[in-house]
1. When 1/r is averaged over all different Cα pairs and the result inverted, which Kirkwood radius in Å belongs to the chain?
2. I'd like the orientation of helix 18-29 relative to the chain: the angle between its Cα long axis and the longest Cα principal axis, in ° from 0 to 90, rounded to 10.
3. So how do R202, R309 rank on accessible area, 1.4 Å probe, biggest first, that is with the largest at the start?
4. Of the DSSP beta bridges with both residues in segment 111-327, give the percent that are antiparallel, rounding to the nearest 5.
5. Compare the peptides 284-290, 427-433, 216-222 by average per-residue count of other Cβ atoms within 10 angstrom and give them in order, highest first.
6. Quick one: putting +1 on the C-beta of Lys and Arg, -1 on the C-beta of Asp and Glu, what dipole do you get for segment 111-327 around its Cα centre, in Debye to the nearest 20?
7. Taking every Cα atom in segment 111-327, find the radius of gyration and the maximum pairwise distance Dmax, and write them in Å.
8. Evaluate the relative contact order of the chain (contact order divided by residue number), counting alpha-carbon pairs under 8 angstrom at least 6 apart; express in whole percent.
Amino acid sequence: MHEAHNDTWRVAVVGSGPSAFYTAEALFKAGVPGLQVDLFDRLPVPFGLVRGGVAPDHQNIKGVVKVYDRIAASPGFRFFGNVTIGRDLTVADLAAHYHQIVYAHGCESDTRLGVPGEELAGVHSATEFVGWYNAHPDHRDRTFDLAGARRVALVGNGNVAMDVARVLLAAPDLLAPTDIADHALAVLRRSRVHEVVLLGRRGPAQAAFSPKEIEEIAELPDVDVVVTAADATLDPLSADWLEREGARSQQRNVKFLQERAAMGPGTRPKRLVCRFLVAPTELSGEGGRLRQVRVQHMRLEADADGTPRPRPTGTDEVLAADLLFKAIGYRGVPLPGVPFDDRKGIVPNVDGRVVEGPGAAVRTGHYAAGWCKRGPTGLIGTNSLDAKATVTAMLADRGAGKALAPGSGDIVALLRQRGLDAVTWADWRRLDAWEQREGQARGKLRHKLPAIEQLLQVVHDLRRGAAG
Ligand code: NAP
């Protein structure tokens, strides 16, 4: 680890996912003299949701790390993996070493459904499942009884639900050559799941998935996407809303769903059934295991700004299901020493400047970017614009002399003093090459070890090899 000079403008970024890298990029592009940008991640590996969230069969999306590699090559960039802010280093430690701190730690938890039976065995969040198949250390020990399940209920119809449905329904041989976790592939090979029922609380015009994502499922060789004519029919409010203000993607979704309805149920061995205007109200089971999902039927009503919102009709229905996955959104987790808006699950901020609480004063020198700034929405690229906006505020504040007043010491000295085993970018580059070599030897793109201790062991071995 090389030490930074005293005359630098030092910025700490908490997190190393897309918004952290785009923040670094915007800072480097601004040409700030003597700029030092340090990214901290609690995991020994970088890239946040690109590594731990994007599905393994979406390597074209994961390929965005090439851009991050280029940003990391900027003089003044450093990575400190395996360092947890709020535990290994406090926010006060960062404030004593950096002129500005940017929180870009995303939304690591999930939204609760808030219905009886949510604690039953067989009820999971998409966050856990996605982390598990991506070898995320937090989720490596999860168990999903796919061998004992035939029908899965999937709540929410955003792109995370699409990823979960695709991984559950795709032939394991399609996933095997990717970077999927070995433990997940082994369980998926024994899966008996043949039907996933997607439960959307609003109608087809408000489905949250992107057209490309639902169409990709219909392209899987063994899978039919099934919609009944009743489910595909728009209510008058939605028909009018779609015509007046529906995005092109929403119009394409409706067209696709109506075409599928016209095609009938299909004959392929597995299916994704798209249901609309249904919301779970109770999960029940036998012997502590999920067996049934009670859903209430919804209708749409325009709210004050005309957006169609779901309201119960007063009728309901019971669906049999062996497993249920909640894909109803991620949620931020409070970071010790950093304000948290519990209602929104984000770091409270005004245009990226952290405030002490909603409506309260700005905390000078502290900023937020990405999902922990605005909530869990948008595609990876959305975080580039978002980070640029935060950096614009940072540069304006720097110009106005509004910043933290750090001492002259480098954080590396404190990391050493605390005996912290920080993973550097050079360590990661070696581990990255190792993962790809090991992957190749196994006939896949990358071999990801799921435990932090295992990752650190390889980092240490490779470090010794590089030194020797
Ligand atoms: P999302 O797009 O916001 O979808 C959340 C879904 O959950 C919506 O259908 C929402 O319905 C539903 N929902 C929320 N609360 C609910 C409740 N209490 N009961 C029933 N349903 C509920 O979120 P996401 O799927 O987690 O994705 C997060 C972001 O990452 C999105 O911007 C997504 O596009 C992006 N992403 C992209 C990709 C990709 O491009 N391949 C992959 C994964 C994620 P309402 O609409 O009615 O609120």
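The values are calculated or read from the model by the stated rules, or taken from the named source; none is laboratory data. In this text the structure is predicted, and so the values were computed from the model without any measurement. We place every Cβ from the backbone using ideal geometry, glycine too, and count neighbours over all the protein chains shown. Each accessible area value is taken on the protein alone, full model and side chains, heavy atoms only, with ligands, DNA and RNA left out. Shrake-Rupley method; radii C 1.70, N 1.55, O 1.52, S 1.80 Å.
1. Numbers: mean 1/r = 0.0421 Å⁻¹.
One decimal place: 23.8 Å for the Kirkwood radius.
2. Helix 18-29 sits roughly 40 degrees off the main axis of the chain.
3. Values: R202 65, R309 90 Å².
Ranking R202, R309 by accessible area, largest first, yields R309, R202.
4. Working: 18 of 40 bridges.
Approximately 45 percent, going by the DSSP bridge assignments.
5. Numbers: 284-290: 13.3, 427-433: 18.6, 216-222: 14.9.
Result, highest mean Cβ count within 10 Å first: 427-433, 216-222, 284-290.
6. Numbers: 28 positive and 31 negative charges, 64 e Å.
My answer is approximately 300 debye.
7. Every Cα atom of segment 111-327 included, Rg and Dmax give 17.2, 50 Å.
8. Over the chain, the number comes to 22 percent.
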